[in-house]
1. Could you go through segment 101-113 and let me know if any residue there is at pLDDT 90 or above, among the polar types (S, T, N, Q) and over 25 Å from T23 (Cα atoms).
2. Quick check on segment 52-80: of everything there that is over 22 Å from A111 (Cβ atoms) and touching a helix residue (DSSP H, G or I) at 6+ places or on another chain (Cβ under 7 Å), which residue is surrounded by the most Cβ atoms within 10 Å (Cβ to Cβ)?
3. Filter segment 36-51 down to residues that are surrounded by 15 or more Cβ atoms within 10 Å (Cβ to Cβ) and polar (S, T, N, Q), then give me how many there are.
4. So which residues in segment 140-198 are exposed (fewer than 11 other Cβ atoms within 10 Å of the Cβ) and of a type in the set (A, V, I, L, M), if there are any at all?
Amino acid sequence: MEKQFKANLQKAHNPKRKYQAQTLIISFSPDEFDTTDLSEQANQALMLVKHYVHQHFADAQSVIAIQADGDGGKLHAHIVFNTVRPNGRTVPTNRFNIYKLRTNFDHEMIANYQRVTGNSWTNPISKQQKRQDIDNIVTRSQWQKSLKKIINQVKNEVDSLREFVHLLGTQGITITERKKGTAWTYHQTINGKEYKVRDFYQRVKKQT
């Protein structure tokens, strides 16, 4: 593998580039693979991951390994991508955006999980979208603290304003614009009570 990756690197515009690979870990829920028949389920997981990689990264070299180690023993896949393609051009970094990767793999599971495993697929993440401590939010300050945490998590997973708004929407958080779009108000209803707070969605650096 190392020799094949190096051969591609020699064709690149910058053959001395420091980073040549991207890694991705896809961890399956025990609801998806409970590892009672590890050999069969590992092969099923491999089929799903291979199809996903072929659909979205067919132009890049990749290596896939399926494991079920670690404290929880969950079935998961390790993928190593060569970010220098055989033609010497690089794979755009935005194709490794977490939100896109997660969304595209959800589509893979919706389309093929039942065909591969014989079981219907229910998105385990959708079950977790209601925060475990949401019923304990009784004051405005507690809600603002929770909101800030969610916003910071979402910001790390997206690379566009549209994705930011969409992902907040999946958490039950909506936004209205103020000051001709230069400021926002966040809204969320919890246990029948509506909360809202004003906040700037962007701080501009004058230097840039």
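The values are calculated or read from the model by the stated rules, or taken from the named source; none is laboratory data. Fair warning: this is a prediction, and the values are worked out from it, not measured in the lab. Cβ sites come from the backbone with ideal geometry, for glycine too, and all protein chains shown count toward neighbours.
1. Scanning segment 101-113, I find no residue that is at pLDDT 90 or above, among the polar types (S, T, N, Q) and over 25 Å from T23 (Cα atoms), so the answer is no.
2. Checked segment 52-80; the qualifying residue surrounded by the most Cβ atoms within 10 Å (Cβ to Cβ) is Q61.
3. 2
4. Hit for segment 140-198 is L161, nothing else.
Condition check ((1) of a type in the set (K, R); (2) in a helix (DSSP H, G or I); (3) modelled with pLDDT of 85 or more) across all residues:
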residue: Q144; (1), (2), (3): no, yes, yes
residue: I150; (1), (2), (3): no, yes, yes
residue: Q153; (1), (2), (3): no, yes, no
residue: V158; (1), (2), (3): no, no, no
residue: R162; (1), (2), (3): yes, yes, no
residue: V165; (1), (2), (3): no, yes, yes
residue: T176; (1), (2), (3): no, no, yes
residue: K180; (1), (2), (3): yes, yes, no
residue: Y186; (1), (2), (3): no, no, yes
